[in-house]
Amino acid sequence: MRSRSLLLLTLLSVVPVVHANDFPTRARVEFVLACMRDSKASPQESMYKCSCAIDAIADKVRYNDWVDLSTISNGITIAGERGGVMRDLKDGRKLIASYKDLQASAKKQCFLNE
């Protein structure tokens, strides 16, 4: 029994733990503030809805993946060669579509379109 416990502890310490909902507080606050700026609802209502949206996004995607998706989505709007790097990415359009789908799903779930 004792050897099984030691084996289990060893395995748990070696296997990387996947952290769902790993968005840092600062990123959440920045998202909520930007969302509130764009919202037509009252400040209190938009704060609740926007914080709901970032929570819904964080439940579906890891923070590093979200940063990559938003970088690509925002980067394609850059004119010239620098934006061309983002536009020429393999599967770039699929990544942008998944970014927009995540946002749309979160907005719908949190009633941000109302």
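The values are calculated or read from the model by the stated rules, or taken from the named source; none is laboratory data. Here the structure is a predicted model, which means the values were calculated and not measured. For neighbour counting, all protein chains shown are included, and Cβ atoms are generated from backbone atoms with ideal geometry for every residue, glycine included.
Quick notes
- Within the stretch 86-114, tally of residues that are surrounded by 13 or more Cβ atoms within 10 Å (Cβ to Cβ) and either over 27 Å from residue 46 (Cβ atoms) or touching a strand residue (DSSP E or B) at 6+ places or on another chain (Cβ under 8 Å) (or both): 5
- Residue in the stretch 20-47 that is surrounded by the fewest Cβ atoms within 10 Å (Cβ to Cβ), counting only those that are acidic (Asp, Glu) and either under 13 Å from the mean Cα position of the chain (by Cα) or within 12 Å of residue 113 (Cα to Cα) (or both): 38
- Selection within the stretch 72-86 - in contact (Cβ under 8 Å) with a residue 12 or more places away in the chain and either within 14 Å of residue 98 (Cβ to Cβ) or not in a helix (DSSP H, G or I) (or both): 72, 73, 76
- Within the stretch 48-84, considering residues that are of a type in the set (A, V, I, L, M) and within 14 Å of residue 110 (Cα to Cα), the one surrounded by the fewest Cβ atoms within 10 Å (Cβ to Cβ): 56
Conditions (1) among the hydroxyl-bearing types (Ser, Thr, Tyr); (2) modelled with pLDDT under 90; (3) under 18 Å from residue 24 (Cα atoms), marked per residue:
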{"residue": "43", "(1), (2), (3)": "no, no, no"}
{"residue": "47", "(1), (2), (3)": "no, no, yes"}
{"residue": "52", "(1), (2), (3)": "no, no, yes"}
{"residue": "62", "(1), (2), (3)": "no, no, yes"}
{"residue": "81", "(1), (2), (3)": "no, yes, no"}
{"residue": "111", "(1), (2), (3)": "no, no, no"}
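- All positions within the stretch 97-113 that are in a helix (DSSP H, G or I) and either hydrophobic (A, V, I, L, M, F, W, C) or touching a Lys or Arg at 6+ places or on another chain (Cβ under 7 Å) (or both): 97, 102, 104, 106
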